[in-house]
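All remarks here apply to the structure that follows.
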Amino acid sequence: MSERIRILGIETSCDETAAAVVENGSRLCSSVVASQIATHGKYGGIVPELASREHLRAIVPVVRKAIEDAGIAYSDVDAIAVTQGPGLVGALMVGLIYAKSLALALDKPLVAVNHLEGHIYAVLLEERLQGRPEPELPALSLVVSGGHTLLAISQSSGQDKRVLHHRLLGRTRDDAAGEAFDKVAKLLALGYPGGPVIDKLARSGNAHAVAFTKAKMKGNPLDFSFSGTKTAVLRYVESNDMSEEIAARRAYLQQHPGAKAPDLLPLCSQKTLDLVASFQAAVVNELVQHVIEAVNSESVNSVFVSGGVAANSLLRERFGNVRGLPPVFFPRLGLSTDNAAMIAAAAFPKFRAGEFAGWELPADASLALE
Ligand code: KG4
Ligand code: ZN
């Protein structure tokens with residue numbers, strides 16, 4: 001085995017076509033992400049059929065650019081890593097078929113990666129890129145994205161200490177946290193995806209203006225639920241006669257599909273800004289509260305926060321201010337949202353442990369985190 005192991009990661013689970021080359025799970029040689037926001041934006045959410053078609057269009061040039069940016073040839077790659085699931089099945093299949101074809105043509109091994117584990121490895125990759133020591137395990141992993149919200153204990157085992165295993169502690173019973181941001185943004189005509197725009201608009205609002213009462217859930221106290229908060233936003237909109245303002249923004253967005261928070265700010269009343277700030281605070285509260293409860297009941301040495309919602313500025317700020325938690329780690333913004341560097345980084349310990357996938361590897365839309 002050569003000393004420098006270069007893994008080409010390929011990620012197509014949702015609405016980003018991504019490829020990256022990572023050396024030894026710790027050096028970022030290239031990372032290319034082609035977003036489909038322009039395609040899905042006008043529908044206010046992801047259209048699976050369009051996502052598959054966009055991946056088909058983008059996969060070849062995106063992988064080529066990742067190879068070129070890394071300054072290597074295809075044959076210099078030691079393995080191809082690909083997201084097997086969870087995600088949209090048609091979208092996953094594009095990445096999987098391309099990765100298999102490339103591995104076959106180049107005669108290189110194929111490594112299957114769970115997208116959620118990829119998000120967790122983004123935290124480790126960040127620390128390695130910064131030249132900092134490895135965070136101590138076991139870690140409490142909070143994965144918060146557009147498709148998932150879960151808490152798990154991440155521990156290493158076996159001969160190769162860097163292969164992680166995960167024990168699920170809690171998950172969302174309804175919407176994922178990012179999905180709640182996206183649905184509220186759609187309801188209020190704030191564009192797609194909702195997280196980044198709400199994050200920015202919320203800075204101009206009062207997070208205490210609207211109270212969201214939390215319904216008591218039976219069963220696992222570490223499970224999440226966001227649909228009640230989302231419905232409370234809908235009720236507030238209905239009872240506060242905000243429809244005219246929403247219609248005006250919808251018309252503006254049709255004319256300016258790529259509109260960002262500064263463009264939308266003048267079209268938002270203080271009531272709307274207070275509402276989004278209060279909604280964001282309610283979601284962030286639930287996430288932080290669950291982490292505090294999990295830390296109190298489990299023995300962990302670190303907290304890993306990853307996935308698209310980990311980009312949220314209030315969430316980062318809140319975790320910086322909670323006392324009594326073990327060190328909390330976040331990847332940089334570009335490694336928090338979907339990317340392929342995290343897939344290549346997650347594949348490295350599997351490569352070293354000889355955990356290769358066969359050609360029959362299926363896409364698995366609901367692949368569990370183990
Ligand atoms: O991890 P990701 O890129 O894709 C999935 O695996 O789902 O996460 C995308 C989600 C979207 O729902 C988006 O609205 C949310 O992450 N998001 C944010 C922020 N940036 C992205 N949510 C809150 N605040 C943000 N700054
Ligand atoms: Zn993701």
Given the criterion touching a residue at least 60 places away in the same chain (Cβ under 8 Å), assigned to a helix (DSSP H, G or I) and not polar (S, T, N, Q), identify the matching residue among GLY95, GLY87. GLY95
Filter result for the condition that a residue is buried (at least 24 other Cβ atoms within 10 Å of the Cβ), within 16 Å of ligand 2 (Cβ to nearest atom) and either without any contact (Cβ under 8 Å) to a residue 12 or more places away in the chain or under 13 Å from the mean Cα position of the chain (by Cα) (or both), over ALA177, ALA152: ALA177
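Could you pull out the residue among GLU54, GLU11 that is within 16 Å of ligand 1 (Cβ to nearest atom), assigned by TED's automatic domain parsing to the domain that holds MET93, under 19 Å from LEU92 (Cα atoms) and at pLDDT below 95?
On the way: GLU11 fails: at pLDDT below 95.
Being within 16 Å of ligand 1 (Cβ to nearest atom), assigned by TED's automatic domain parsing to the domain that holds MET93, under 19 Å from LEU92 (Cα atoms) and at pLDDT below 95 holds for just one of GLU54, GLU11, which is GLU54.
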Within segment 90-100, does at least one residue satisfy the condition of being under 19 Å from ARG6 (Cα atoms) and either surrounded by fewer than 21 Cβ atoms within 10 Å (Cβ to Cβ) or in contact with a Cys (Cβ under 9 Å, 6 or more places away or on another chain) (or both)? yes
Go through VAL197, VAL184, VAL210 for me and flag whichever is of a type in the set (Val, Ile, Thr) and more than 15 Å from ligand 1 (Cβ to nearest atom). VAL210
Those residues that are within 16 Å of ligand 1 (Cβ to nearest atom) and in contact with a Phe, Trp or Tyr (Cβ under 8 Å, 6 or more places away or on another chain), I need them from segment 122-145; list them, please. VAL123, GLU126, SER141, LEU142
Any idea which of LEU325, LEU315, LEU287 is part of a loop (DSSP other than H, G, I, E, B) and within 24 Å of THR229 (Cβ to Cβ)? LEU325
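Given the criteria under 30 Å from ASN296 (Cβ atoms) and among the β-branched types (Val, Ile, Thr), does THR83 qualify? It would help to see each step written out before you state the result.
Working: under 30 Å from ASN296 (Cβ atoms): no; among the β-branched types (Val, Ile, Thr): yes.
No.
Looking only at residues in segment 169-192 that are more than 19 Å from ASN240 (Cα to Cα) and in contact with a Gly (Cβ under 7 Å, 6 or more places away or on another chain), which one is modelled with the lowest pLDDT?
Start the filter on segment 169-192 by keeping residues that are more than 19 Å from ASN240 (Cα to Cα), which leaves 169-182, 191-192.
Subsequent filtering for residues that are in contact with a Gly (Cβ under 7 Å, 6 or more places away or on another chain) retains 176, 178-179, 181-182, 191-192.
Values: ALA176: 96, GLY178: 97, GLU179: 95, PHE181: 97, ASP182: 95, GLY191: 93, TYR192: 90.
Ranking the candidates gives TYR192 first.
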Breaking point among (1) among the aliphatic types (A, V, I, L, M); (2) within 16 Å of ligand 2 (Cβ to nearest atom); (3) outside the structural domain of GLN36 (by TED's automatic domain parsing), for ALA261: (2)
Among the residues of segment 210-264 satisfying the criterion of being of a type in the set (Lys, Arg) and surrounded by fewer than 12 Cβ atoms within 10 Å (Cβ to Cβ), which is nearest to ARG171 (Cα to Cα)? LYS218
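The values are calculated or read from the model by the stated rules, or taken from the named source; none is laboratory data. As the structure is a prediction and not an experimental result, all values here were calculated from the model. Please note: Cβ atoms are built from the backbone with ideal geometry, for glycine as well, and neighbour counts cover all protein chains shown.
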